[in-house]
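Right, one structure below, let's go through it.
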Amino acid sequence: TGGHTTEILRLLSCLSESYSPRHYVLADSDKMSEAKIRSFEQKRAETFSESQFSLDRIPRSREVRQSWVSSVLTTLYSILYSLPLTYKRKPDLILCNGPGTCVPVCLSAFLLGLLRIKRTIIVYVESICRVETLSLSGKILYYFSDYFIVQWPDLKKKYPKSVYLGRLV
Amino acid sequence: FRFKDSLAEDLQSAALVISHAGAGSCLETLEKGKPLIVVINDKLMDNHQLELAKQLHRDGCVLYCNCSTLVETLQSMDLSALKPFPPGQPEKFASFLDKVFGLQ
């Protein structure tokens, strides 16, 4: 969604073409991110002509203010939905920064790793908005990610297994 | 405005920006070097937006208030006291990933 998309595109801005092809996963209800992504990729293609990307949509795992109980159910549904997608793409790297959408995708990849089908490196970058507390996605994925990056020193203190590189976006 | 692709043009010509505390809005505005007053939405549950606004305020980069104190803030503001906002460094992220994948 909006802010997350802007942030993640900034994170991608300095990556070399080794990080290709890029598969973007969006929530089905997200109306604005697709345009931003296409615009980013179009600009990128001006420098790297071989650049490739794709877009997939999954059901939104949780609406703002959705109740706890129904969130667990909708997230489970999203994980099941994500499994075939993750299985098809078999990514070497999953990069995410916190929207609810990323939890089922990461958990499905984690599962495929446990089943020895594909070992994906999961890198989570907590949003720059998070100065003192982690998002719900962050709290969950802190335990499932290979690298958990925070952008403010307070969070590094609270979550010692995290990586602090300073402000990235 | 909701569906405008980019506010860049509007931002460029603004003398002062009053915005909600969404990261995108704050960052875009501060990067253009425009003075920013951040208005916090008291009604959004968990209100984590407050964290960034508070930090930016601590760093002296923005003024902040809520809807009810906006007028008062506008009346008493001193924009020249605002400090510039240093840009983030996505190249550090790229460098980190390269090391993870042995690409350096």
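The values are calculated or read from the model by the stated rules, or taken from the named source; none is laboratory data. Model, not experiment: these values are computed from the prediction. Here Cβ is always computed from backbone atoms with ideal geometry, including for glycine, and neighbour counts include all displayed protein chains. Note: areas computed on protein heavy atoms with side chains; ligands, DNA, RNA excluded. Shrake-Rupley method; radii C 1.70, N 1.55, O 1.52, S 1.80 Å.
The set of residues in the range A:71-126 being of a type outside the set (S, T, N, Q), crowded, with 18+ Cβ neighbours inside 10 Å and in a loop (DSSP other than H, G, I, E, B) consists of A:Pro91, A:Gly98, A:Pro99, A:Gly100, A:Glu126.
Residues that are surrounded by fewer than 20 Cβ atoms within 10 Å (Cβ to Cβ) and more than 26 Å from A:Lys90 (Cβ to Cβ) were ranked within the range A:136-151; the one that is farthest from the other protein chains (Cβ to nearest Cβ) is A:Lys139.
Determine if the range A:53-60 includes at least one residue that is more than 14 Å from chain B (Cβ to nearest Cβ), touching a residue at least 40 places away in the same chain (Cβ under 8 Å) and crowded, with 16+ Cβ neighbours inside 10 Å.
Yes: the range A:53-60 contains one or more residues that are more than 14 Å from chain B (Cβ to nearest Cβ), touching a residue at least 40 places away in the same chain (Cβ under 8 Å) and crowded, with 16+ Cβ neighbours inside 10 Å.
Considering only residues in the range A:1-40 that are facing chain B (nearest Cβ under 7 Å) and of a type outside the set (Ser, Thr, Tyr), the one that is surrounded by the fewest Cβ atoms within 10 Å (Cβ to Cβ) turns out to be A:Ala35. Determine whether the range B:13-26 contains at least one residue that is modelled with pLDDT of 80 or more, open to solvent by less than 60 Å² (accessible area, probe 1.4 Å) and within 14 Å of chain A (Cβ to nearest Cβ). Yes.
Once the range A:153-169 is narrowed to residues that are touching a strand residue (DSSP E or B) at 6+ places or on another chain (Cβ under 8 Å) and within 12 Å of another protein chain (Cβ to nearest Cβ), the residue that is surrounded by the most Cβ atoms within 10 Å (Cβ to Cβ) is A:Leu168. For the range B:54-104, give me each residue that is more than 10 Å from every other protein chain (Cβ to nearest Cβ), open to solvent by 60 Å² or more (accessible area, probe 1.4 Å) and not in a loop (DSSP other than H, G, I, E, B). B:His57, B:Tyr64, B:Cys67, B:Ser68, B:Val71, B:Glu72, B:Leu74, B:Gln75, B:Ser76, B:Ser80, B:Ala81, B:Lys99, listed by residue number. Assuming A:Arg65 fulfils every condition listed in (1) more than 14 Å from chain B (Cβ to nearest Cβ); (2) on the phi > 0 side of the Ramachandran plot apart from one, which condition is it? Among (1) more than 14 Å from chain B (Cβ to nearest Cβ); (2) on the phi > 0 side of the Ramachandran plot, A:Arg65 violates only (1).
The set of residues in the range A:41-51 being open to solvent by 40 Å² or more (accessible area, probe 1.4 Å) and of a type in the set (Lys, Arg) consists of A:Lys43 alone.
Every condition in (1) facing another protein chain (nearest Cβ under 9 Å); (2) not in a loop (DSSP other than H, G, I, E, B) holds for A:Val131 except the one numbered (2).
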